[in-house]
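Read-outs: derived from the displayed coordinates by stated rules, not from any lab. As the structure is a computational prediction, the values presented were derived from the model and not from experiment. Here Cβ is always computed from backbone atoms with ideal geometry, including for glycine, and neighbour counts include all displayed protein chains.
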Amino acid sequence: MKGHLASDLNLNIRLSALDHTLLPIDRDSKDNLQIGVHHKPNSRYTFKSNQKYQSDKTWILIFKQHGEKMNFFIYTGKRLKFTLPFELHAARNCQIKAIIGSVLYESDLVRIFANEVNSEKLNFKTYFTKQEYQSLLNRTLSFIKTLQGKFHTIDYLYRNKSEMYFASIREYHSGIMKPYKKDHNGDPCSVINGRIDGLFFSTAVDFQTMKPLPESLYGPVRLNVDASTLFTPNFNLYFADFYCHYRVHYVTVVLTPKRSPTDKFCEGRLLKLDIRQNPFIYLSETKEYFYEVMVYLSNGLRVEVFYTEAVNILRIIENQQGHFERVPIIGRGESRPTGIPKNNLCKICNL
């Protein structure tokens, strides 16, 4: 192999020694073909491109997962849409590369000529299946048993952000705080990363006052929303992550309307929690149609809620269902755009 152009590529693959063959998955390309990866439960992966040709092309896909032999597949079509014929193990680093070219078979030798496209390689990590999520939940429950925590009513779910963030919502979005794509904070194998839209709300409190924490890591403006305004029986609740950043451990739950597109997505991929009884956060009915939100509180664990609906801030303020306040900031005073990966050395929260 030489150069970087697709037309230069000429591969000879001896089938009897496929695991030792050096394929171009580790080399770059100047071609613009982009490959997308799509996941369906339990663990099936489809590779697609938006590029469509006038006539059928011969697509050669080169795939490798960490620690396994190289696989290559030949696919014919005007557009790339190929599903791997086997499921993948969770939490594996994988690579996929597409070539448009010609294939010639000679005895046990396969010759591949890339005469049109040699795409960029796509690196991705496979997601947790429900089986892995159950193992992660079991780890979470084992960790909780080591804590001296208890359930307590909380008044608010809250978000800390910059002045500019909330000003932009008022000025450009008519007071509607819109959900956006889940970042890669937490476990990199969490199936919600980059897949669903939502807004993070904190439940953490100061144990002396039982009010929201007096300081903020993410901005000096805090929106407090009555917990029972967002947390209602019309929503479903799912366990989505358990991770740490070297100190406190976090549990992420997804709160999404029943029968919504996000609910259907979560139902097939995450573990559903009983919204009225679970180890993290639940609704407690105190009177007919009146609920309190109960959260497990401990110095070693915090529960964060990923709420998948838009929030009308103006209506919440008008209806006295929440309020703004200013809080001192600590640390960077803002979140990182891509999130912070979990501590992969922790023996508590890593599978």
Q: Could I have the simple spin-label model distance between residue 153 and residue 344, label points 7 Å from Cα toward Cβ, reported in nm to one decimal?
A: 4.5 nm
(Q) What are the extents of the Cα atoms of segment 231-306 along their three principal axes, in Å, largest first? (A) 40, 31, 14
Q | Degrees separating the helix 130-145 axis from the principal Cα axis of the chain, which is the longest one | A | 40 degrees
**Q.** Set 40/69; 64/181; 57/81; 48/182; 40/81; 64/125 screened for pairs whose C-alpha atoms are more than 18 Å apart
**A.** 40/69; 64/181; 48/182
Q | Hz values of 3J(HN,Hα) by residue in segment 219-234 - Karplus curve (6.51, -1.76, 1.60), Gly and Pro given as x | A | x, x, 10, 10, 9, 9, 10, 3, 4, 6, 6, 8, 8, 10, x, 7
Q | Additional length obtainable on full extension of the chain from residue 288 to residue 79, 0.36 nm per residue less Cα span | A | 69.6 nm
Q) Between residue 93 and residue 66, what is the label-to-label distance in nm when each label sits 7 Å out along the Cα-to-Cβ direction? A) 0.5 nm
Q: Write down the radius of gyration of segment 280-351 and its Dmax, each obtained from C-alpha positions, in Å.
A: 17.3, 47
**Q.** trypsin sites (Lys or Arg not before Pro) restricted to segment 271-306 and DSSP loop, no more than 13 other C-beta within 10 Å
**A.** 276
**Q.** Sequence-distant lysines (8 or more away, or on other chains) whose Cα lies within less than 16 Å of residue 211
**A.** 150
Q | Largest-first ellipsoid semi-axes for segment 130-326, taking √(5λ) over the Cα gyration tensor eigenvalues, angstrom | A | 25, 20, 18
(Q) Order these by the 10 Å Cβ neighbour count, fewest first: 43, 260. (A) 260, 43
Q) Ranked by Cβ crowding within 10 angstrom, fewest neighbours first, how are 237, 33 ordered? A) 33, 237
Q: Within 10 Å of each residue's Cβ, count the other Cβ atoms and sort 125, 52, 97, 145 from fewest upward.
A: 145, 52, 125, 97
Q) Stokes-Einstein at 25 °C, 0.890 mPa s, Kirkwood radius from Cα pairs: D for segment 192-257 in µm² s⁻¹? A) 174 µm²/s
Q. Can you give the three extents of the C-alpha atoms in the chain along their principal axes, from longest to shortest, in whole Å?
A. 77, 47, 40
(Q) Averaged across orientations, what area in nm² does the convex hull of the alpha carbons in segment 170-210 project? (A) 4.8 nm²
Q) Under a point spin-label approximation (7 Å from Cα along Cα-to-Cβ), what is the residue 42-residue 259 distance to one decimal in nm? A) 3.0 nm
Q.
Ranking request for peptides 136-142, 148-154, 216-222: highest mean number of other beta-carbon atoms within 10 Å first, then the rest in descending order.
A. 216-222, 136-142, 148-154
Q: Select from 200, 70, 142 the residue farthest towards the positive end of the dipole of the chain; place +1 on Cβ of Lys and Arg, -1 on Cβ of Asp and Glu, and compute about the Cα centre.
A: 70
Q.
Between 0 and 90 degrees, rounded to the nearest ten: what's the tilt of helix 163-172 against the longest Cα principal axis of the chain?
A. 80 degrees
